[in-house]
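Visitor: Okay, handing you the structure first.
The values are calculated or read from the model by the stated rules, or taken from the named source; none is laboratory data. Not measured: the values here are computed from a predicted model. Here the Cβ positions follow ideal geometry from the backbone for every residue, glycine too, while neighbour counts run over all protein chains shown. Surface accessibility is based on the protein's heavy atoms, side chains included, excluding ligands, DNA and RNA. Shrake-Rupley method; radii C 1.70, N 1.55, O 1.52, S 1.80 Å.
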Amino acid sequence: MSIKVTIGKSKSNPVITVYVGNKRHRYWSGKAIGNQLKAIENPELLKTAFELKILEGWSPQELKKKTIKFPATVLQALQNGVNIKRSQGCSDRFIKDCRRLVDLWQRFEKDYRIKGLNLDQLKPVHIKSFLNRPNWGVKTQRTVKSTLSPLLKEYRPDLMKGIQLKRPSSKLHKSYQNIPEILEEIKAFDYNLYLCCLFTYGCLLRPHREIRELKWGDFSSDLKHIHLSGSRNKSGRNRIVPVPEFIRVLLKPTQKDHNIFSGTTQPYNADYFKTVWGRFKKTSKLLEDGQTLYSFRHSGAIDIFKRTGSIVKLKQAMGHSSINVSLTYLRG
């Protein structure tokens, strides 16, 4: 039987897909073949590792669904679901979210006095009550639902279809009129945050992943360009981003595999800049309502449009797939 290995996509992230005949097996990491590499880090290298392992005689293992004991309670179903997703090689971040969801469900059952709720008694009204918490926004509700759904799909595949949630309203990030002043205030507070804001404004990169994960090896030898693979930016396409002179003069490269902020081979955690910005926001005397870390990207987009008068050039600079997306940055 023929075996084929490809690189696919799952929620804009790369995933290794192994086809055995007509059956598809997806892997977010190399755990199944004894490799710690993640698909999001280097999909081409991980694909090669799978191909070599197949040549050695390895083949994907079928999930033995018949051996899974049908759980009596919802909590047992969620816990089993976490184990299934872990065995499938899902990302560490997703597994962490799943474990958090199990804790939230335990708290929900306790608060509503339905502890030990049987799986066959679970109804859409329970799910709606779980999601409609007063301290959860629409975006959080949708995120929790997208984590809950695959955990219950094994046992109650039709349960989530009747759960409709509101769409989150689009957020307008107010642009900055005093770029030099606000940057000086940020520089005095935290240099890493200052550098992140410069990249957001001058290179139009997104702070929480594209900038946070930057390594010195992503830069050209003269520091004039950043090379980002499709697996490391939202568009999913390879990008070459110019670096302005006012940023280049601040850069002091070290080893190519080192992150430019942490100084090690590993970047800071996913919430790093969100946390630092939250602390800065509490001390700032210049920030206005509606101004965020992303506002630097909006301000940079507006400046490009003012200089060029071309929405097409703005679209290219921002790496957007559609002009309509670029237009949203000019709403203000």
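Visitor: Based on this model, can you work out whether residue 40 counts as touching a residue at least 40 places away in the same chain (Cβ under 8 Å) and over 22 Å from residue 150 (Cβ atoms)? Don't jump to the end; show me each part of the working.
Guide: Details: touching a residue at least 40 places away in the same chain (Cβ under 8 Å): yes; over 22 Å from residue 150 (Cβ atoms): no.
Judged against the criteria, residue 40 is not a match.
Visitor: Give the residue, chosen from 285, 274, 281, that is open to solvent by 70 Å² or more (accessible area, probe 1.4 Å), in contact (Cβ under 8 Å) with a residue 60 or more places away in the chain and in a helix (DSSP H, G or I).
Guide: Details: 285 fails: in a helix (DSSP H, G or I); 281 fails: in contact (Cβ under 8 Å) with a residue 60 or more places away in the chain.
Just a single option satisfies the conditions, and that option is 274.
Visitor: Still on this structure, please answer the following. Of 138, 102, 125, which residue is among the aliphatic types (A, V, I, L, M) and open to solvent by 80 Å² or more (accessible area, probe 1.4 Å)?
Guide: Details: 138 fails: open to solvent by 80 Å² or more (accessible area, probe 1.4 Å); 102 fails: open to solvent by 80 Å² or more (accessible area, probe 1.4 Å).
Step by step, each of 138, 102, 125 is checked, and only 125 is among the aliphatic types (A, V, I, L, M) and open to solvent by 80 Å² or more (accessible area, probe 1.4 Å).
Visitor: Using the structure shown, decide if residue 54 is more than 27 Å from residue 270 (Cβ to Cβ), touching a Ser or Thr at 6+ places or on another chain (Cβ under 8 Å) and either without any contact (Cβ under 8 Å) to a residue 24 or more places away in the chain or open to solvent by 30 Å² or more (accessible area, probe 1.4 Å) (or both).
Guide: Against the criterion (more than 27 Å from residue 270 (Cβ to Cβ), touching a Ser or Thr at 6+ places or on another chain (Cβ under 8 Å) and either without any contact (Cβ under 8 Å) to a residue 24 or more places away in the chain or open to solvent by 30 Å² or more (accessible area, probe 1.4 Å) (or both)), residue 54 does not qualify.
Visitor: Also, quick follow-up: Exactly one of (1) of a type outside the set (Lys, Arg); (2) farther than 30 Å from residue 279 by Cα; (3) modelled with pLDDT of 90 or more; (4) out of contact with any Leu (no Cβ under 8 Å at 6 or more places or on another chain) is unmet by residue 82. Its number?
Guide: Every listed condition holds for residue 82 apart from (4).
Visitor: Here is a further query. Return the total of residues in the range 304-332 being more than 22 Å from the chain's Cα centre (by Cα), hydrophobic (A, V, I, L, M, F, W, C), at pLDDT 75 or above and open to solvent by less than 50 Å² (accessible area, probe 1.4 Å).
Guide: 3
Residue by residue, here is whether (1) open to solvent by less than 30 Å² (accessible area, probe 1.4 Å); (2) free of Cβ contacts under 8 Å to residues at least 12 places away in the same chain; (3) more than 26 Å from the chain's Cα centre (by Cα) holds:
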| position | (1), (2), (3) |
| --- | --- |
| 180 | no, yes, yes |
| 190 | no, no, no |
| 197 | yes, no, no |
| 206 | no, no, no |
| 217 | no, no, no |
| 241 | yes, no, no |
| 246 | no, no, yes |
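Visitor: Filter the range 81-99 down to residues that are open to solvent by less than 70 Å² (accessible area, probe 1.4 Å) and charged (D, E, K, R) and give me whichever is farthest from residue 35 (Cα to Cα).
Guide: 97
Visitor: Moving to a separate point now. Just the residues that are touching a Phe, Trp or Tyr at 6+ places or on another chain (Cβ under 9 Å) and either charged (D, E, K, R) or modelled with pLDDT of 95 or more (or both), please, taken from the range 226-242.
Guide: None; the set is empty.
Visitor: Scanning the range 219-238 for residues that are in a strand (DSSP E or B) and farther than 18 Å from residue 300 by Cα, which turns out farthest from the chain's Cα centre (by Cα)? Don't jump to the end; show me each part of the working.
Guide: Pass one, the range 219-238, residues in a strand (DSSP E or B): 219, 225-228.
From what's left, farther than 18 Å from residue 300 by Cα: 219, 227-228.
Details: 219: 22, 227: 19, 228: 16 Å.
For the range 219-238, the residue satisfying everything is 219.
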